[in-house]
Amino acid sequence: MRYVSWTIIFLTHLSRIAVSDCKPLFEKLTSAEISASHQAILTDLKEGHIVAATKKRMNGNMHDLWWISVKNSETGRTRDAILKPREWGDSGGWARAPMEVVAYVLNRKLGMDYVPPTVYRTQVKIGREVIHEAPLIYVVPKAEVLYDTPEEKWGGVSKTVVQSDHRILSVLLHNSDGHAKNLLLGKHWVDGENRPAFIDFGASLRPGTFVTMRRYPAAGNSEPVSQLSERTLKHLKNLRESDFDVVRKYVSHKEISDILMRRDGIVSYFDRLISEKGYRGVVLEK
């Protein structure tokens, strides 16, 4: 009963994350419809049973991934997902599996919708194998590397905003592994349109990491960032410790404090740029 109760609480919290924050990205949908899209996927990933599974390694990754399909018998829906088994020691901090959920939640709290819906499960059975704990990450249909496609196909989001939003999320989480192959373009989970998506946040909060808005040595995605969207700036300033309540079992109090301290640094960085270049020279309307 304790596990079931936590599941209900977890999904209820996630369904409330940034209910109105993403509306500018989906002008034809109401906030309630956007929230319902997320809630439906989260519920199916959390409650569904595995009906198909294939183990793979992608892009030279040293860790096994399971490409699975889960079916929710209550809703009749089937979802494709990636299951990333948590390994002992988190591979020295390079594969801290719960951070996939933290990245999803934080991305929503920042008014973004780039990180695919993600849940965390324990004791997942795949045939005779039992995965003790792992995130299940919604598979972005027809995904390809974002920077391999022309910007005009990015669903109306500019490269400047995408790079800025990804960098802000990565700096907050001290994720040093945001190379170009971890930025995708595919069918979005809310409206099915081609939109950017961010994946692979397992290296977040790894000890010894140091990345900033100007220093980010990740292959193919290392350009200094000096602009941001108005919406992201607003949400950055409004980010609070209580916004992490739903993921407190995955991050410590100190880690949350450090994230908020980095947030203060990011805001100060852009405030200095605004004083030098003017508001509209730094802050973008879209």
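The values are calculated or read from the model by the stated rules, or taken from the named source; none is laboratory data. Just so we're clear, the structure is a prediction, and the values are computed from it rather than from any experiment. FYI the Cβ positions are ideal-geometry reconstructions off the backbone, even for glycines, and counts take in every protein chain you see.
Some notes on this structure:
- Cβ-Cβ under 8 Å pairs, at least 6 apart or on other chains, the range 33-55 side under 18 Å from VAL246 (Cβ atoms), far side assigned to a strand (DSSP E or B) and among the aliphatic types (A, V, I, L, M): LEU42/VAL119; LEU45/VAL70; LEU45/ALA81; LEU45/VAL119; LEU45/LEU136; LYS46/VAL119; LYS46/LEU136
- All positions within the range 116-131 that are part of a strand (DSSP E or B), at pLDDT below 95 and either within 21 Å of LEU169 (Cβ to Cβ) or not β-branched (Val, Ile, Thr) (or both): LYS125, GLU129
- Residue match in the range 42-61 (condition: assigned to a strand (DSSP E or B) and modelled with pLDDT under 90): yes
- VAL130 falls short on exactly one of the conditions (1) within 28 Å of SER31 (Cβ to Cβ); (2) without any contact (Cβ under 8 Å) to a residue 24 or more places away in the chain, and that condition is (1).
- For the range 146-184, taking the residues that are charged (D, E, K, R) and in a helix (DSSP H, G or I), the one that is nearest to LEU110 (Cα to Cα) is identified as ASP165.
- Some residue of the range 102-115 being small (Gly, Ala, Ser), part of a strand (DSSP E or B) and either out of contact with any Asp or Glu (no Cβ under 8 Å at 6 or more places or on another chain) or in contact (Cβ under 8 Å) with a residue 40 or more places away in the chain (or both): no
- Scanning the range 187-234 for residues that are farther than 25 Å from GLU255 by Cβ, over 19 Å from the mean Cα position of the chain (by Cα) and of a type outside the set (A, V, I, L, M) turns up GLY220, GLU223, PRO224, SER226, GLN227, GLU230.
- The condition of being touching an Asp or Glu at 6+ places or on another chain (Cβ under 6 Å), under 22 Å from HIS235 (Cβ atoms) and hydrophobic (A, V, I, L, M, F, W, C) holds for only one of LEU205, LEU172, that being LEU205.
- The range 122-144, subset of a type in the set (A, V, I, L, M, F, W, C) and over 16 Å from the mean Cα position of the chain (by Cα), residue surrounded by the most Cβ atoms within 10 Å (Cβ to Cβ): VAL124
- Every pair of residues 6+ apart whose Cβ atoms lie under 8 Å, when the first sits in the range 247-272 and is under 22 Å from ALA134 (Cα atoms) while the second is surrounded by fewer than 18 Cβ atoms within 10 Å (Cβ to Cβ) and of a type in the set (Asp, Glu): ILE256/GLU241
- Test for SER37: is it over 28 Å from GLY156 (Cα atoms) and in a helix (DSSP H, G or I): no
- Number of the exception - LYS254 against (1) part of a helix (DSSP H, G or I); (2) under 22 Å from ARG96 (Cβ atoms); (3) touching a Pro at 6+ places or on another chain (Cβ under 8 Å); (4) of a type outside the set (A, V, I, L, M): (3)
- Qualifying residue in the range 68-83 (condition: closer than 29 Å to VAL157 by Cα, touching a helix residue (DSSP H, G or I) at 6+ places or on another chain (Cβ under 6 Å) and either surrounded by fewer than 17 Cβ atoms within 10 Å (Cβ to Cβ) or of a type in the set (Lys, Arg) (or both)): yes
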